[in-house]
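Readers should treat all values here as calculations from the given coordinates under stated rules, not as data from a laboratory. Small disclaimer: the values here were computed from a predicted structure and weren't measured. Note that we place each Cβ from the backbone using ideal geometry, even for glycine, and neighbour counts take in every protein chain shown.
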């Protein structure tokens, strides 16, 4: 309840939340919302402009592409790919990275230096190029996309998880749990993990935005989602060949990517503010100050 | 400093070895190089001959040993597509990528400093809000889309600039803007928060109390102390660009650099050329990382004695 009220007070965060909500609802209800199948072709209705322009038809609000497919329907179905790939990578990379990072931070010593050395090495890899090479060899589908992007993205979680554990592990309640005889697994999962939720979730939302951009870029380069699949990045790459005649083919899917990522970024920065007590105090002080200033000087 | 440098170079070699090994494992073990490089309908005899000619039928350990030795000698074999040494092509394409990435990051840095400083002078003010909003938009827009929109508006509609290619300074404008914008967005945020932090410190109040003008305090004292985080992020952006994020920009503008070469090598299944590109990029990233780390130490005496944590 209080969280919802806090969200309502921050207007930019509200916009972000609504954009993300729109993305999730669209993806969940895609078959109900979309007027056509994403791949339904009507060759006589090729390259129709959006409905409000000359030559547009009210049957195709955002126009049609070079095969007569409805742009709006493709946008709606495309949201599923972004969400699926983004969610899959965040879960996979997040789980693996958090676990290795916590192990490094909690066990320390040699485990720590081996894991962090590994993280440092992999961070210096040219990730995008390696992703392209791997996708070329194994072929590109949703599963391989999720795995390749996870391989590239787990290191941030490991670093954050390790740093957070280092901050937590000397707290009295953790030492108490150890003294009562809790094993490493129990301390990590039962006592440390619940206290790391908010920084990890903030990072996950931020990474979600990054992964949506990465998937779009890979699909744009032709190494992501393959036709007849639907993805916003793929649609932009198809549309660019018709850009001079049909601007709407590039504009709408690109805007969909941008708005989704913007929503996630706004949400992440709000999460960062409300989960950090210092930032929260500052935020509150600013609001009180503004209200006092608006009321004018005391009589 | 000397020991630290040796440490860093050693780690850099591990990174390059790791990248090389991954490319080897992925292309030789996970995938079959012959079926990647030859058309699907190639007859079995041709496959066997091809496999034998390129040494793919030898034991893997021997292949890997040769691969490492050849990599160390910068010999990555013949490009199947262009029928000449892969490294020769890489050497030819490298300058265009370097030009694009460096100009992009320098442009981002030059613009980000004044914008970020002005935003930090009045946190929460109108200018600050505008800067934050524009940064957020810059971070959220897909780079390839920004490039296409620029082409549509500036080249197709207004005819101000050529759509793609390389040659005159006019060809540089749109690729550099596209390259610079995400970096600009992150740098503006960094300059802003670093300056806000510096300006709230005691020494700033002392300087102002002594009667120094605000502009001098900001430009000389504040900026100098805010330089380290800003340069760190700028270096990070530089590495990001070199590490292959120029691929997208180069593809959009048909910019004949390493990134476009990588995409072409992929679509033509030119394994050896791709290996040469990946190796070169990994080496560039490693060298840039080492140079930047040394620069930070020169810039910030506080970092001097500490090695990697």
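Sorted by average packing, counted as other Cβ atoms within 10 angstrom per residue and highest first, what order do B:266-279, A:163-176 take?
The peptides rank, most packed first, as B:266-279, A:163-176.
For chain B, the calculated P(r), taken from all Cα-Cα distances in 20 Å bins from zero up to the bin holding the longest distance, is 27, 48, 22, 3, 0 percent.
Highest mobility in the GNM of chain B, judged by mean-square fluctuation with C-alpha springs under 10 Å and restricted to B:61, B:21, B:130, is found for B:61. The residue A:4 and residue A:45 beta-carbon pair, evaluated with R₀ = 41 Å, returns a calculated FRET efficiency of approximately 0.40. At q = 0.18 Å⁻¹ the log10 of I(q)/I(0) for the stretch A:69-184 amounts to -0.95, computed by Debye summation with a single uniform scatterer per C-alpha, solvent ignored.
Spacing of the modelled spin labels on residue A:244 and residue A:61, each 7 Å from Cα toward Cβ, amounts to 3.2 nm.
Over chain A, Cα pairs under 8 Å with separation of 6+ residues give a relative contact order of 21 percent. Net length available on complete extension from residue B:45 to residue B:206 is 49.7 nm, with 0.36 nm assigned per residue and the Cα-Cα distance removed. Between residue A:24 and residue A:286, the FRET efficiency from the beta-carbon distance, with R0 = 35 Å, is close to 0.70.
Computed from the Cα positions only, the extents of the stretch B:1-70 along the three principal axes stand at 59, 20, 14 Å, in decreasing order.
Axis of helix A:197-220 versus longest Cα principal axis of chain A: the two differ by about 30°, to the nearest ten degrees. Dividing the mean sequence gap of close Cα pairs (under 8 Å, 6+ apart) by how many residues the stretch A:216-299 holds gives a relative contact order of 16 percent. Ordering A:178-189, B:195-206 by mean Cβ neighbour count within 10 Å, with the highest value first, yields B:195-206, A:178-189.
Other chains' Cβ within 10 Å of A:208-216 residues: what's the mean?
2
Mean partner shielding of peptide B:237-249, defined as the number of other chain Cβ atoms within 10 Å of each residue Cβ, is 3. Against the longest principal axis of chain A, how steep is helix A:127-138, in degrees 0 to 90 to the nearest 10, with axes from Cα atoms? Orientation of helix A:127-138: about 60 degrees from the principal axis.
Give me the angle, in degrees from 0 to 90, between the Cα long axis of helix B:2-24 and the longest principal axis of the Cα atoms of chain B, rounded to the nearest 10. Long axis of B:2-24 versus the principal axis of chain B: about 40 degrees. Length gained on full extension, residue B:214 to residue B:58: 49.0 nm, using 0.36 nm per residue less the C-alpha separation.
Look at the stretch A:134-145: the mean tally of other chain Cβ atoms within 10 Å of its residues' Cβ atoms is 3.
The simple spin-label model puts a point 7 Å past each Cα toward its Cβ; for residue A:11 and residue B:35 those points are separated by 5.9 nm.
Hey, can you rank B:244-251, B:137-144, A:35-42 by average C-beta count inside 10 Å, highest first? Mind showing how you got there, number by number?
Working: B:244-251: 26.1, B:137-144: 22.5, A:35-42: 15.5.
Most protected by this proxy first, the peptides run B:244-251, B:137-144, A:35-42.
With helices as the sole contributors, chain A gives -23500 deg cm²/dmol at 222 nm; each DSSP H run of n ≥ 4 counts as -39500 (n - 2.57), and the sum is divided by every residue. Divided by 2.2 N^0.38 Å, where N counts the residues, the Cα radius of gyration of the stretch A:2-273 comes to 1.19. Remark on the stretch B:138-272: hydrodynamic radius 17.5 angstrom, per the Kirkwood mean of 1/r across alpha carbon pairs.
According to the Kirkwood relation over distinct C-alpha pairs, the hydrodynamic radius of the protein assembly as shown is 26.7 Å. Rounded to the nearest 500, the helix-only mean residue ellipticity at 222 nm of chain B stands at -23000 deg cm²/dmol, with each DSSP H run of n ≥ 4 adding -39,500 (n - 2.57).
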